[in-house]
Amino acid sequence: MDISKITNDLSNIKFRQNVNYFQLTTLGVGSAAPLVADVEDDEELSELLQYTHANGINIFLIGGGSNLVGCDEPYNGVIVRLKGEFTAMSCDDTGRLVAGGGAKLPETVKFAAVKGFGGMSKLAGIPGTVGGALRMNAGANNTLISDKLVRLRGFYHDGTAWASEAKNIEWRYRSSGIPENVIVTAAEFQLAASTPEQEELLVQSELVARRRKEPAGRTAGCIFRNPGAADPAGKLIDLAGLKGSVAGAMYVSSEHGNYLVNKGGASEKDFIALAGNVRKSIAEKFGLYLELEVKFIQPENTAKIYEQAVAPSVAVFMGGDSSEREVSLRSGAAVANALRNGGYKVGTFDLKKLEIPAGAEKFDIIHPVLHGGWGEGGALQKLMEEHHLEFIGSGSEASELVMDKLKTKARLKKLNMPTAPDWTITAEHLNTPPADMTFPVVVKVPCEGSTVGIEKIDDLAAWQAKLPALLEQAGELLAEKFIAGRECTVPVVLGQAMTVVEIRPPGGFYDYDAKYIYANGHTEYFCPPVRISSEEQKMLQALAVKFYCEFNCRDLVRVDFIIGDDDNVPYILEGNSLPGFTATSLVPKAAACMNISFERLCASLVTAHIKK
């Protein structure tokens, strides 16, 4: 790059040479930028971009310099900063706020407050410029900068104009769909009317709260994105005992673990070493691969941090063709999202027939999240075993045994584990139930789940009315004596019993409506339980672990119980080798009660296999 030629050819643009990153960024890491262009308006920016594009010269836009790590080596290109007209702000009587891409976000929020318009006060403590904040969809306290955005404009890197309605941009957590080759120069927001007094009070409150939270010293802001609401990166770093860790002149703040502080003279190499060590430690302890929120002027340095702890790739299987297909799709989407939040490389596959979909074999591990039918009953597991694929969950034999309620019942009785009296029902019993059977009973289709194919039958008339439809689903049915009592479930994950979840359906019977529809009222869940003593909970957990072991389950199973009102016996109702796995399903409920986030729960199942 010929600096003299550039400055001569673009003599009307203000250039500065050898500008220290201590002046350009809030972190102050790195040496100096060889050439910085301070552009004042659209005409200068377009001219610069056309020139650099035509001559193959790299450019890098720096706004307020937060969330940015400078270079140790000279940057082979032009650093661009938006000045002059790009820092302007205006607001009319309707609440239409227009701010330049180079305007400081805190100043923009204060400007709107003074004009008597609200909706952005919670963003007052976020450093940086409007353009930079939009690029990363900055947010705080459940407010995002994109919330009030109407439209934005800018320039492509070749100097041609660009504009977009906000609704046409994909806005994600700490990122956006703004094209990478676009520089945002202006944004229009629509704000609601308020009063200057109210908004200025909110702004000041936010600034005070921000100052209390942020550590002193030179930082780039938060280094890592939060894997989830229950697992902020700072909390994980604190739990891992990493506060105070040092690499060269960089250290992890003792006030907030998600801040790395430059104590003076820190290099880009120091930052990479410390951030890489933090990320690797979190991956080893929690199975979560933190993703960087900061950017590097030299983007290849992101890879240097990630390569110290490479996230496994996971294929999530979901769907299937059973009656539980829709439940499976919701579970699979939730698991995939949780794993992505945890930094995993995830591919999703909607299985509509029994097969290994093309491309699945390229992933490190498969996470089947199918319910019922061949997806849970062992056929898919057998196919994966035959293809020598690593997968989460029980093997084919255990899956078949747990899925089939008749086989489960026989196994429980052989093991002398508590289970309700039962009868095997066929078409010959349509008009004449077994002689020793008394009503009420619960009749179940053997290989269904999610309370599909289950009926409580109170008398002979109901028996004769409901049995034909059940027999259409299976030639043999399981009938159990109805036990009135306290219903609950115990998940077992990686051989360890989790917290007992007490289930209180509105009508006293936990059917499909009580689980999903709520036409007859909402089911209540209590975790920890309120009507089950600590002694009973320990007994339930011991039985659940015994079920897990005796049925040769792997990774997870959920065991459902009812504690009889008459005898206080904890009757085992059934097991679920691939239970529902949305963030609000019973297994995640139990995990949350143990302060285990949904992201960490999903990650633990993956890492249990990867570490083998």
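Here are some notes:
- Shape call, region 1-123: gyration tensor on alpha carbons, a/c limit 1.5: oblate
- Surrounding net charge for F86, when Lys and Arg each add one and Asp and Glu each subtract one, Cβ distance under 15 Å: -4
- Reachable lysines from K148, criterion Cα separation under 27 angstrom, eight or more residues apart if same chain: K83, K104, K110, K115, K122, K167, K213, K295
- Beta bridge orientation in the chain: antiparallel %, DSSP, nearest 5: 80
- Shape call, region 515-600: gyration tensor on alpha carbons, a/c limit 1.5: rounded
- Computed on region 371-481, the Cα convex hull volume stands at 110 Å³ per residue.
- Kirkwood Rh and Cα Rg combined as Rg/Rh, region 70-163: 1.01
- Centroid-to-centroid separation of region 147-163 and region 235-304 [C-alpha atoms, Å]: 33
- Checked against a 30 Å cut-off, the cross-linked pairs K353/K405; K414/K456; K409/K466; K352/K444 all give Cα-Cα distances at or below that limit.
- Accessible surface computed residue by residue for region 1-123, with neighbouring protein chains in place and a 1.4 Å probe, gives 42 Å² per residue.
- Charge tally in the Cβ shell below 13 Å around E206, where Lys, Arg are +1 and Asp, Glu are -1, E206 excluded: +3
- Region 562-612, accessible surface, carbon-and-sulfur percent (1.4 angstrom probe): 50
- Net charge in the neighbourhood of P196 (other residues with Cβ under 12 Å of its Cβ; Lys, Arg +1, Asp, Glu -1) is -1.
- Modelled label positions at E165 and N181, each set 7 Å beyond Cα in the direction of Cβ, lie 2.5 nm from each other.
- Matching label, Cα extents along the principal axes in Å computed from the structure shown, candidates (1) 102, 53, 44; (2) 92, 75, 56; (3) 120, 52, 50: (1)
- Cα gyration tensor shape for region 436-496, rounded if a/c is under 1.5, else prolate or oblate: oblate
- By the Cβ-Cβ criterion of under 4.7 Å, the unpaired cysteines of the chain are C71, C91, C222, C447, C488, C549, C553, C602.
- Pairwise Cα separations in region 228-283 fall into 5 Å bins from 0 onward with the following percentages, short to long: 4, 23, 31, 23, 13, 4, 2, 0.
The values are calculated or read from the model by the stated rules, or taken from the named source; none is laboratory data. Here the structure is a predicted model, which is why all the values come from computation and not from measurement. Cβ atoms come from the backbone with ideal geometry, glycine included; neighbour counts cover every protein chain shown. Areas reflect the complete protein model, heavy atoms only, side chains present, ligands, DNA and RNA absent. Shrake-Rupley method; radii C 1.70, N 1.55, O 1.52, S 1.80 Å.
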